[in-house]
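Since the structure comes first, as C-alpha cells, the remarks are kept for the end.
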Amino acid sequence: MVKKRSKLIAFFAAMLMSLIMLAALMGGGLTAYADSPVQGSDGVYSVLVNLSGLAMGADNFSSSATVEKSDDNYYMTFGHSSSVDDLVLESGNMQTGYTVRTENGWTYYTYTMSEERLQSSLSFTAYIVPMSMTVDFSITLDLSAGTRTGDYVDVGERPAEYVPVIQTTAGREYEASRGLVFPIPSATATLGNENLDVSISAYYVQGGEQTKVPVTNNSITLENVGEYHVVYRAESATYKTNLGNNTYTEYDVAITSVAGGSTLAKFEDANGVLAEGTSLLASRITAGSSIFATAADKMASIADNFEVFGISLVQSDGAEATPDGNITLYLQADMTYDRNEVVVYHMADDGTLTEIVADGYGRYVRFDTDKTGTFIVCIPGVAFVMPMWGYAVILVACVLVVAAAVTVTVILVRRKKKAKKLQENAIE
C-alpha cells in the first residue's frame, strides 16, 4: 500500500512539473536566460557589477547593471541611493552622453557606450553625503555571465556616445521684473578638442504653448508676466545619435517675469551710485554648472550648508550696470538658516572668496557691497568625517584590545591552574 502511494505521489509530482514548464514556455513566464550582451542578439540584459574598486559604501550603488543592445549601440544603466550625489563617469576631456531618472529613492544614469568601452574598466567620482566627501572608484561589468531579460524597446532618440559641453555663467533659473531687457550671458562649447558654435533661441510659455521670442543684440525683452526660456544649443557631426543625427547638447535657462520685481533678490541704492531705471537680475545657481562646482569646492572646508546666487544689474537698454559705490543687496536665503549665524561671501571669477558683513532682514539676508556676480550664503560649519586611516586605526586598536584581553585571560588561567596544583601538592 505504501509503495503504491509513493508511486502515485511521484506520478502527480512529475505531472505538476511538466505543467509548470509547459505554462512557462507558452506564457513567456521564463523570459530570462544566460547570454552576453556583446555576443548576443539585440535585447535587454542584466549583468553583475564588480564593485571591488569601491572601498566603502558598496550597498549604495547598483550591484547589477542593465545593458540594452540595439545594433552597434549599447546603453548601460547604473544607479545609486539617496546617500550619494553628483555621480560622474570619467571620460577624459569628453562628456559621455546619458539620461537620468529617479525611482524609489534611487537615481539611475543610462550611459551611451561603444562595445569596447562597455568591456573596459569604468571610472567614476561621486559625493558621499553622510561622509561629506568625494570618492573615486572603478567598476567592471561581468558581461560573460549576463542574463537576457527581454527584447530591446525603441524609446526614440538617445544621446550619442559623446556630447558637447556648454560653458556659461548663466544660471538655470532667474527672476526679473516685467519689461526688463534680459541680457543673455555668453557661452562656449567644446567636444574634446573641437570648438563648437553655440546657437541661442528663446520662447515664452503661455497656457502650455510656446511662442518664439526674438533675440536682438544678444538679449530678449520680458514683455509679459510669466515664464520665458533661453536655450543654448551646440552640435557636432563627429558623433551621431541612434537616429543618425548630429550629437548635441542643450542648456535651458528659465526666466520668471514678475510684475512687482524679483522676490529672490532686491536692492536699494541709497547712495545714488546707479543710473535711474537700473534693474536687478537674480538667479539661484544649482548643481550642474561650473560656477556651482567651484563654489562647492571652496565651501568644502567652510560650510556644509550653503546656497549660490548670481546677481547682475542692467540698465533700461539691457547694458550691464556696475556700481561705483556701495548698494544694499537682499538675498532670499534658505528659510531654515539662522539669520544670526549666516555668513556671505563674494566669489570672484578665479574662485577667490571675500567675506562680507551681513545680517538678517526677515526672510532676506542683507549686506552692503559694490560688487555683482556670484554670492554664497552659508551657515559656517563642516561636520567631522572620520578619515579612512581613522577607521584603520580603530580596527587595529580593537584587535590589540582583544589580543590583550585574550593574553590576560590565558595568564590568569595558567596562574589559577598553578596555584591549584601547589595547593594539591601541599595537602599531599
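The values are calculated or read from the model by the stated rules, or taken from the named source; none is laboratory data. Being a predicted model, the structure only gives us computed values, none of them experimental. No Cβ is skipped: glycine too gets one built from the backbone with ideal geometry, and neighbour counts run over all protein chains shown. Heavy atoms of the whole protein, side chains included, go into the accessibility calculation; ligands, DNA and RNA do not. Shrake-Rupley method; radii C 1.70, N 1.55, O 1.52, S 1.80 Å.
Things to note:
Yes or no, residue by residue, for (1) surrounded by 15 or more Cβ atoms within 10 Å (Cβ to Cβ); (2) among the hydroxyl-bearing types (Ser, Thr, Tyr); (3) in contact with a helix residue (DSSP H, G or I) (Cβ under 6 Å, 6 or more places away or on another chain); (4) under 23 Å from Thr147 (Cα atoms):
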site	(1), (2), (3), (4)
Gly40	yes, no, no, yes
Ser46	yes, yes, no, yes
Leu51	yes, no, yes, yes
Leu87	yes, no, no, no
Glu90	no, no, no, no
Gln95	yes, no, no, no
Thr110	yes, yes, no, yes
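- The strands (runs of 3 or more DSSP E) falling completely within the stretch 1-110 that include 2 or more residues that are at pLDDT 95 or above and not aromatic (Phe, Trp, Tyr) map to 43-50, 64-70, 73-80, 98-103.
- Every residue from the stretch 262-278 that is in a strand (DSSP E or B), open to solvent by 30 Å² or more (accessible area, probe 1.4 Å) and of a type outside the set (Lys, Arg): Phe267, Glu268
- Residue-level analysis places Ser283 among those that are closer than 20 Å to Ile166 by Cα and assigned to a strand (DSSP E or B).
- Complete set of residues in the stretch 325-376 that are among the polar types (S, T, N, Q) and either part of a loop (DSSP other than H, G, I, E, B) or open to solvent by 30 Å² or more (accessible area, probe 1.4 Å) (or both): Asn326, Gln332, Thr336, Asn340, Thr352, Thr354, Thr372
- Selection within the stretch 129-166 - in contact with a Phe, Trp or Tyr (Cβ under 8 Å, 6 or more places away or on another chain) and either polar (S, T, N, Q) or assigned to a loop (DSSP other than H, G, I, E, B) (or both): Thr134, Ser138, Thr147, Thr149, Arg158, Pro159, Ala160, Glu161, Pro164
- Given (1) among the small types (Gly, Ala, Ser); (2) under 27 Å from Ser316 (Cβ atoms); (3) open to solvent by 70 Å² or more (accessible area, probe 1.4 Å), number of the condition Gly207 does not satisfy: (2)
- Residue in the stretch 221-244 that is under 31 Å from the mean Cα position of the chain (by Cα), surrounded by fewer than 19 Cβ atoms within 10 Å (Cβ to Cβ) and at positive phi present: yes
- Criterion (of a type in the set (Val, Ile, Thr), out of contact with any Cys (no Cβ under 9 Å at 6 or more places or on another chain), under 23 Å from Phe182 (Cα atoms) and at pLDDT 95 or above) met by exactly one of Thr322, Thr278, Thr328: Thr328
- Test for Ser123: is it in contact (Cβ under 8 Å) with a residue 24 or more places away in the chain, more than 17 Å from Leu51 (Cβ to Cβ) and surrounded by 13 or more Cβ atoms within 10 Å (Cβ to Cβ): no
- Check on Ile302, open to solvent by less than 40 Å² (accessible area, probe 1.4 Å) and either farther than 17 Å from Thr286 by Cα or of a type in the set (Val, Ile, Thr) (or both): no
- Taking the criterion of being open to solvent by less than 30 Å² (accessible area, probe 1.4 Å), farther than 30 Å from Val47 by Cα and not hydroxyl-bearing (Ser, Thr, Tyr), the residues of the stretch 143-186 that qualify are Ile166, Ala170, Gly171, Ala176, Leu180, Val181, Phe182, Ile184, Pro185.
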